[in-house]
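All remarks here apply to the structure that follows.
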Amino acid sequence: MNNTPQTNNQTNTQPHQPLSPERARELITQRMPELKKNLSELVAFHSIHSVPELQEHNDGAATWTIEHFTAAGVPVHGHTTTDGSTSVIGVRDAAPGYPTVMLYSHFDVQPAGVESEWTSDPWTLSERDGRWYGRGTADCKGHVAMHLAVLDAMNALIEEGHEELAKIGIRVVVEGSEERGGYGLEDLLESNPELFQADTFLIADSGNDELGVPSVCTALRGSATLTLTVDTINQPMHSGQFGGAAPDALLELIRIISTFHDADGLVAIDGLTPTERWEGTGPDAATFCRNAGTVDGVSMLGASRGFAPNDLTVMNPSITVTGLDSLSVEDAVNAVPGRAAAHVSLRVPPGREPEECLELLIAHINKVGAQAHGRVSIERGSLAEPFRADTSGPALAELTGALSDSYGKPAVEVASGGSIPLTNKLLAHYPDAELALFGIEEPTCRIHSADESVHPDEIRDIAVAELLFMARTAARVRESGAGAEA
């Protein structure tokens, strides 16, 4: 990687031609071997937050990130947050009249899960069928490597005389606990908002609607979680002696959970039933089923009732059981379970409040649980606000154009059912800023699942778009004269 760009002794008074998509692609393509090397090194860190025995890996990923962004010309430092994670933050200050752009990503990842379900080691970058495999390749270490490639390409352009690029402020924020809720970074934002100041927030933790289809994400669902526990007997008891009369905690839990949805699989809780439609771009049912990997003979929920995929994944609440505590099939014993618990994830669409939706779910559980043969308890979890982007600003238009030119086709507005709590909180502190969600996480990446992967062309094309955005933003300021020193 290049070090901090040096200003030439002789001022270049000749105006440069605008950076073309072809030249941007050439610059990024030259850096793809280094990008792959960086991603390989990052993937090797088992940087799963909140796992004490992996602290060395988390520290290693943070140190690696600090060293590489500092070498790329943005002096960054580690900040220990309230959740015990390290967030890497720093800034290369803007020249007078020039904006500051934040480049966001995160180096923490989801656990690998059952490693036997992976075709290759999840912590070793491997290449198959033109894709790069490994935990974090798409979510979100690939974005860290992508930002570094863009900064290196910018440094090369500055050395060639594109001095206006050196005047753009670059703020880097690489989080260490996004996959565990990100409250540590949010607390840091509340206590030290100056660490996050920017005119444009580029949140690289999203992706295209399809591989090769340039997209800007304009809507995210929020989330709310709870843990539901049912206790029936003080300890498991022999199923031959007690089964049939002693209440089974797992069956009682299943009985409650089964009331969350109707016979068509749609949410059936008062106040949370699906009614809204998504007006933007999204997959059809067949594409959605292919992307989701539904097994033969299984159709998308809601199709028989006229719902499109994004109606249900973006614009309406959804409820998923993301964890279940009971005996595994492998460890089955002849005993009646005395306790069972489920972790329940509620996704909340734009326009709804997570706390209000969570209360509706809790009210339903209490009503149904009153008839259960067991003691029902509920522990509330974290909340995350939904997000809806304002697309009317110049930065969003600039990014949309850069994406279109990088891919050679018009960029589209898409939505995601995921949540990124930081989005609303950044704009609450900096309401005049613009925020864009984009990235390399197209549907076939299988983020959070076994065999997570990324297509290198997607990294390249997103990097080209980001580089074009930076160059065009700098050129726009230069040409307007707004950046001229008094």
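The values are calculated or read from the model by the stated rules, or taken from the named source; none is laboratory data. Note that this is a predicted model, so its numbers are computed, not measured. Cβ coordinates were reconstructed from backbone atoms using ideal geometry, including for glycine residues, and neighbour counts include every protein chain displayed. With ligands, DNA and RNA removed, areas are computed over all heavy atoms of the protein, side chains included. Shrake-Rupley method; radii C 1.70, N 1.55, O 1.52, S 1.80 Å.
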Within segment 389-429, of all residues that are of a type in the set (Ser, Thr, Tyr) and modelled with pLDDT of 95 or more, the one nearest to Pro193 (Cα to Cα) is Thr400
Of those in segment 334-362 that are within 12 Å of Leu228 (Cβ to Cβ) and assigned to a strand (DSSP E or B), the residue farthest from the chain's Cα centre (by Cα) is Arg339
Just the residues that are among the small types (Gly, Ala, Ser) and either modelled with pLDDT under 95 or not in a helix (DSSP H, G or I) (or both), please, taken from segment 434-473.
Ala436, Gly439, Ser449, Ala450, Ser453
Kindly indicate whether any position in segment 113-125 is among the β-branched types (Val, Ile, Thr), under 23 Å from Val454 (Cα atoms), buried (at least 20 other Cβ atoms within 10 Å of the Cβ) and touching a residue at least 12 places away in the same chain (Cβ under 8 Å).
no
Flag for Glu330 being of a type outside the set (A, V, I, L, M), open to solvent by 80 Å² or more (accessible area, probe 1.4 Å) and modelled with pLDDT under 95:
yes
Which one of the conditions (1) under 21 Å from Pro386 (Cα atoms); (2) at pLDDT below 95; (3) charged (D, E, K, R) does Glu356 fail to meet, given that it meets all the rest?
(2)
Condition (residue is part of a strand (DSSP E or B) and of a type outside the set (A, V, I, L, M, F, W, C)) applied to segment 184-197: is it met by at least one residue?
no
How many of the residues in segment 221-257 are of a type in the set (D, E, K, R) and either under 26 Å from Pro421 (Cα atoms) or assigned to a loop (DSSP other than H, G, I, E, B) (or both)?
2
If you go through segment 198-210 one residue at a time, how many are touching a helix residue (DSSP H, G or I) at 6+ places or on another chain (Cβ under 9 Å) and assigned to a loop (DSSP other than H, G, I, E, B)?
7
Scan of segment 258-300 for residues that are in a loop (DSSP other than H, G, I, E, B) and touching a Pro at 6+ places or on another chain (Cβ under 7 Å), ordered by number:
Leu266, Leu272, Glu276, Gly282, Pro283, Met300
Could you tell me how many of the residues in segment 418-458 are open to solvent by less than 50 Å² (accessible area, probe 1.4 Å) and either at positive phi or of a type in the set (Phe, Trp, Tyr) (or both)?
4
Return the residues of segment 43-78 that are in a helix (DSSP H, G or I) and over 30 Å from Leu165 (Cβ atoms); say none if nothing qualifies.
Pro52, Glu53, Leu54, Gln55, Glu56, His57, Asn58, Asp59, Gly60
Tally time: how many residues in segment 204-246 are open to solvent by 10 Å² or more (accessible area, probe 1.4 Å) and farther than 30 Å from Glu413 by Cα?
18
Just a yes or no: is a residue in segment 284-296 surrounded by 17 or more Cβ atoms within 10 Å (Cβ to Cβ) and of a type in the set (Gly, Ala, Ser)?
no
